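Read through the structure below, which is laid out as structure tokens, and then see the notes.
The values are calculated or read from the model by the stated rules, or taken from the named source; none is laboratory data. Quantities reported herein were computed from a predicted structural model and do not represent experimental measurements. Note that we place each Cβ from the backbone using ideal geometry, even for glycine, and neighbour counts take in every protein chain shown. The accessibility values were calculated without ligands, DNA or RNA, using every heavy atom of the protein model including side chains. Shrake-Rupley method; radii C 1.70, N 1.55, O 1.52, S 1.80 Å.
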Amino acid sequence: MRRLGELEAEIMDRLWAWQRPATVREIVDDINRGRRVAYTTVMTVADILHRKGWLRREKVGRAWSYEPVRSREEYTAGLMRDALGDSQDRPAALLRFVEVISDEDMDALDAALRTARGDQDPRPGEGGPDPRAGGLGPRAHGGSGV
């Protein structure tokens, strides 16, 4: 999955945040609060995102209304999957990754793994093993928890 370009990302960020379809005029007006961008430029990039399969569109009067086809989380997961795919030693890459993520991200990763496996989610201190005692371990490999 290719990383979105700067304006592509700005458009997608707005649509993901708004969680509703929007016209190019709405997007342009919002972007122009921080910097100037031409209507035709945003219209062209929105059309490109539509052709790439990132946006669906519907005619509303004379304008197109755009909405995301994929979520921000799907986009992020695709980038992570591609980055991992670039490694020749996936286990080592995963280990290095978990060594440097924050405690909050570690907890979120633990929860995601349990959910993906269909495991129960015992609350810490309520029976069941501490999820950090297993393979993801609590910074046992010298990570800083940055």
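Tally time: how many residues in region 80-134 are modelled with pLDDT under 90, over 20 Å from the mean Cα position of the chain (by Cα) and either among the acidic types (D, E) or open to solvent by 90 Å² or more (accessible area, probe 1.4 Å) (or both)? Residues meeting the conditions: 8. Would you mention how many residues in region 20-68 are open to solvent by less than 60 Å² (accessible area, probe 1.4 Å), in a strand (DSSP E or B) and of a type in the set (V, I, T)? So the answer is 1.
Looking across region 3-19, just one residue is among the small types (G, A, S) and loosely packed, with under 12 Cβ neighbours inside 10 Å, and that is A17. Of all the criteria given as (1) free of Cβ contacts under 8 Å to residues at least 24 places away in the same chain; (2) closer than 22 Å to L7 by Cβ; (3) over 15 Å from the mean Cα position of the chain (by Cα), the one not satisfied by V69 is (3).
Within this structure, L79 fails the test of being of a type outside the set (S, T, Y), in contact with a His (Cβ under 8 Å, 6 or more places away or on another chain) and part of a helix (DSSP H, G or I).
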